[in-house]
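For reference, the structure discussed in these notes is given below.
Throughout, read-outs are computed from the coordinates displayed, never taken from laboratory work. Owing to the predicted nature of the structure, the values given are computational and were not obtained by experimental measurement. Cβ placement follows ideal geometry from the backbone for every residue including glycine, while neighbour counts extend to all protein chains displayed.
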Amino acid sequence: MIRHPQQKLFLVLVITALTVTAPAHSYTHPKVRAVTAFVRLEQASQQQEMAGALSVLRAVKGEFEKQGYEVETIRIVTQPLPELVSGQSQAQALAYLKTLDDLGSKEGFIPSLGPAMMRDTDDPRSMRLLEKALSTLSNLQANTIIADNDGIHWKVIRETAALVHYVTEHSPNSQGNFGFTATAMVKPYGPFYPGTYHTGPGRQFSIGFESANVVQEVFAHTRGDFSGSVAELTRQLTVHAKVAETIGQRVAAAKGWTFMGVDPTPAPLGDVSIGAAIETYTGARFGSSGTLTAALIITSAVKAVPVKQVGYSGLMVPVMEDKLLAQRWAEGSFNTDDLLAYSAVCGTGLDTVPLPGDVSTEQMARIFGDVASLAWKWKKPLSARLQPVAGKQAGDQTQFSSRFLFNTTLHAVP
């Protein structure tokens, strides 16, 4: 329901823009970042469920490839961790999680565990299991829920900070936290890791793009024109989202699964940089005046894409997954407070934020609390993926070895 005249005006502008013939610019295709399946694994039927999920994911991948898209990853998400390992000892559960980790390597998918804690009343023993799994298994992803419609989960926040501290100290090169995030007000069935989850019967899937390149190309043509940028970016993101929706619906009908939707968030990675896109619009370094405006343009366009949307549906600013953002972080052009400010109009919160190894659990709990507070206040999906590095201090350089992380300089935590 449209309640305000400004909303009505904006909607008219977007609809009008989408019906006008696009300028004769040639845009490159984005990659498909993730095709993500949701399953509920039971011992008696696990092999069948995983085979079915892989069949669906590979069918979607094949359909995209026929249309000239590169699919970067396929992914499978289980039910919440306590349900997944119910009745198992910690040793049994760790052995079981290793079989999922190994299966992901063998079959070419990324496995994700459902949340270890979803509310303050949950048993924190699942967190002790998860911290050991994240410290020893290289493929698994997981999360906790630190705020939802029922409020902010302060006990989960404290347990989350303790988990990140443990994984920092016990995983090789402190890299285990790359597979973990805390989410606030995030709904289920989004395609992007590590914040996705589900609590249902399974046999659903969703799709997300790596389309920061589209944003940069649009901004190169529309720089300085707010409404023109929103309209053109909406139009170009819609082109690809419509392809995804058509493929998703077709495969779902053929396989008897449910297509949950598309997350049009223009995810970056490496040289496909959302930081570079924003600088193209502003003509200044990321973090300078105008960055917030560019963030609003991107989120406004994403929200206006006329497909069934799921997940964050906003702006993703992962500090160390984006090569230019990692450079700007090293230069000190923005910090965690800036990222939270941008998240007020867009975004996914704090993503792959590097921290010195001496950051305390209390400091991290305050950071998680700020993200939860902002998300709950404005009822918007945010997450926090923090990356402390054991033995490193402010001024040191990170030394992550993942091809998805670009090293940068650590700064002190206020």
What does the helix-only formula give at 222 nm for the chain: each DSSP H stretch with n ≥ 4 adding -39500 (n - 2.57), the total divided by the residues, and the result rounded to the nearest 500 deg cm²/dmol? -14500 deg cm²/dmol
P(r) for the stretch 314-414, please, calculated from all Cα pair distances in 5 Å bins and given in %. 2, 14, 25, 25, 20, 11, 3, 0
Burial order of peptide ranges 44-51, 201-208 (average beta-carbon count within 10 Å, highest first): 201-208, 44-51
How large is ³J(HN,Hα) for each residue in the stretch 393-399, as worked out from phi by the Karplus curve 6.51 cos²θ - 1.76 cosθ + 1.60 (θ = phi - 60°), to whole Hz, x for Gly and Pro? 10, 4, x, 7, 9, 5, 9
Listed here are the pairs LYS31/LYS308; LYS66/LYS187; LYS106/LYS308; LYS66/LYS323; LYS98/LYS155; which of them are more than 26 Å apart at the Cα? LYS66/LYS187; LYS106/LYS308; LYS66/LYS323; LYS98/LYS155
Relative contact order (percent) for the stretch 28-414, with alpha-carbon contacts under 8 angstrom and 6 or more residues of separation? 17 percent
Whole-Hz ³J(HN,Hα) for each residue in the stretch 84-100, computed from phi via Karplus 6.51 cos²θ - 1.76 cosθ + 1.60 with θ = phi - 60°, x for glycine and proline: what do you get? 4, 10, 4, x, 9, 6, 4, 5, 5, 5, 4, 5, 5, 5, 5, 5, 5
By DSSP, what percent of the beta bridges with both residues in the chain are antiparallel, rounded to the nearest 5? 30 percent
Nothing charged except the Cβ atoms of Lys and Arg (+1) and of Asp and Glu (-1): what's the magnitude of the dipole of the chain about its Cα centre? Round to the nearest 20 debye. 880 debye
With point charges of +1 on the Cβ of Lys and Arg and -1 on the Cβ of Asp and Glu, referenced to the Cα centre of the stretch 314-414, which listed residue (SER383, PRO414, ALA341) lies farthest in the positive direction of the dipole? SER383
Near the amide H of VAL389, under 5 Å away, which other amide H atoms are found, from residues 5 or more places off or on another chain, if H is placed in the peptide plane? LEU355, GLY357
Ranked from highest to lowest mean number of other Cβ atoms within 10 Å per residue, what is the order of the peptides 234-240, 35-41? 35-41, 234-240
In order through the stretch 277-290: 3J(HN,Hα) via Karplus (6.51 cos²θ - 1.76 cosθ + 1.60), integer Hz, x for Gly, Pro: 4, 5, 5, 4, 6, 7, x, 9, 4, 4, x, 6, 4, x
Hey, can you rank 358-370, 106-118 by average C-beta count inside 10 Å, highest first? 106-118, 358-370
Taking a ≥ b ≥ c as the square roots of the eigenvalues of the Cα gyration tensor of the chain, is the shape rounded (a/c under 1.5), prolate (a/b larger than b/c) or oblate? oblate
